[in-house]
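Please treat every number below as a calculation from the coordinates, not as lab data. All figures in this text were calculated on a predicted structure; none of them were measured in a lab. Here the Cβ is made from the backbone with ideal geometry for all residues, glycine too, and neighbour counts use every protein chain on show.
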Amino acid sequence: MVKSQDAFSWKDGRTPLCPVHSRIKLEILRDYLMAYFPTISQEKRMDYVNIELIDAFAGGGVLIDAETKTPINGSPKVMIGAVRDSEAAIAAKKTKPFRINARFHFSDADRDAHLRLKTDLADSRYREDVESGKILVDNLKFDRFLSVVLERIKSRPRQKAIFFLDQCGWNQATLRDCNRILNHLPKAEIIWNISVESLAMFANDKDAFRVATDKFGVDLGDAISARDNAVRLSDWRKSLVSHYLHEIKQNCVAKFVSPFMVQHSGWGYWLLHLSNHKEANDVMKVTHWRHQNNSLHEGFPGLRMLEFNRENWNQSSIFRFDAEANQATREALFNELGPQIRRLGEAPTVGQLIESVANETPADRQRIIESLGELKAESACRFIGPAGEKRIHVPQTLDDRIVLSEHRPMFLPGMN
Ligand SMILES: C[S@@+](CC[C@H](N)C(=O)[O-])C[C@H]1O[C@@H](n2cnc3c(N)ncnc32)[C@H](O)[C@@H]1O
């Protein structure tokens, strides 16, 4: 058990333990980056990518794995390693050289963590990058660091950037901060850790908590007083979490928000992903499906991911991105896609359908396409390619149009 005063402390040359739930977060970060770079560099002729990577709660750079008791890299080296490994993997598939021109911005408010990270990087094979300014290491609190970083990275509509906001607790990196980042850099993506435990533990109806949530950028409404109507505290917690996420989605300038949690041995936190690209949203969903059992979301499998009805407290369930969740997703999509296609009007494209439900479903693109195939197998719809091609089983491109059948099968809900 890690004592709270020792958690993530690099004081006096110590190396803190990395609990399993935090190690899973590092694995998701690496997996996401390893899938991100091949996705954005698919274009054959593309021979470089320029990107800024920001780790605002960087820690001391090295941790002890709580299970194996061996040293592991903290988030800064996970980011650098994923960029370098992605570069090598992509270059090996291209016929000409390929470069990822990355600049890294690391900061931690704690002096011991900062010094340890600086020393560790200076003694590593990344020394030259530190000396040349490709790796920048600051000792700043997040509020100040964010202004410094946004001054350093000029506001450009096409500037790629990935922010990792691995805060302790829930209110150091706020929704207002995320919106500031996305207004400055519309192509940025944010991977944002929020401790649900802290949020639920400290939620109360005192003014100080309302001031904190206002500062965060969320209107709590009557989410706190609803506690009086809940029979079980866990029900109220689900309702609060659902309300909070709904508010984040409503008030976030990012087009896509994926609201999944990571949990291990009772510890849980949200690892939200904010972006303006449907590809990025899909890559993050695929990453969560890969981390089944530790990735989860408290909600529904189909197109009503966060719907929570306070009239019925026994509704949302734990969705673990596992075989059971896969089955529930298939069944829900089979029932809910038809009505959604109809709502989009005549013959929407597959891309329009996916974009319209991206914030409403834990299903990734592949699962949606396969579910469309299942609807076609039941003669509920057909697909037409951009040049009028007939598709036999499933759509082949995001530009394929979906045409609902005129004679709709009676047994498919919402199709008549
Ligand atoms: C969860 S740890 C980060 C671990 C690191 N991302 C990793 O995975 O290796 C959170 C870090 O945030 C730092 N911190 C706490 N409050 C901060 C603030 N307001 N601004 C910047 N850093 C802060 C702490 O010193 C601690 O090192």
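Before moving on, here are some points about what is shown:
- Label separation (I72 vs D47): 3.9 nm, computed from points 7 Å beyond Cα along the C-beta direction.
- Against the chain, whose longest principal axis is taken from its Cα atoms, helix 278-290 shows a tilt of about 80°.
- Gyration tensor verdict on the chain (Cα atoms; rounded if a/c is under 1.5, prolate if a/b is larger than b/c, oblate otherwise): oblate
- Sparse-neighbourhood loop sites, trypsin sites (Lys or Arg not before Pro) in segment 1-79 - DSSP loop, at most 11 other Cβ within 10 angstrom: K3, K44, R45, K69
- Loop-located trypsin sites (Lys or Arg not before Pro) in segment 173-244, at most 12 other Cβ atoms within 10 Å (DSSP): K206, R232
- Over all other residues within a Cβ to Cβ distance under 13 Å of M34, the charged ones net out to -1, with Lys and Arg as +1 and Asp and Glu as -1.
- Hull-based mean projected area of segment 323-404, where the convex hull spans the alpha carbons, in square nanometres: 4.9
- Distance cut-off 27 Å, percentage of C-alpha pairs in segment 153-293 lying past it: 23
- Over 14 Å [Cα-Cα, segment 160-240], rounded percent: 67
- In degrees, nearest ten, helix 20-40 long axis to first principal axis of the chain (Cα): 70
- Taking the longest Cα principal axis of the chain as reference, the axis of helix 175-184 is set at about 90 degrees.
- GluC sites (Glu not before Pro) restricted to segment 151-218 and DSSP loop, no more than 10 other C-beta within 10 Å: none
- With semi-axes defined as the square roots of five times the eigenvalues of the C-alpha gyration tensor, the equivalent ellipsoid of segment 58-153 measures 25, 20, 12 Å, largest first.
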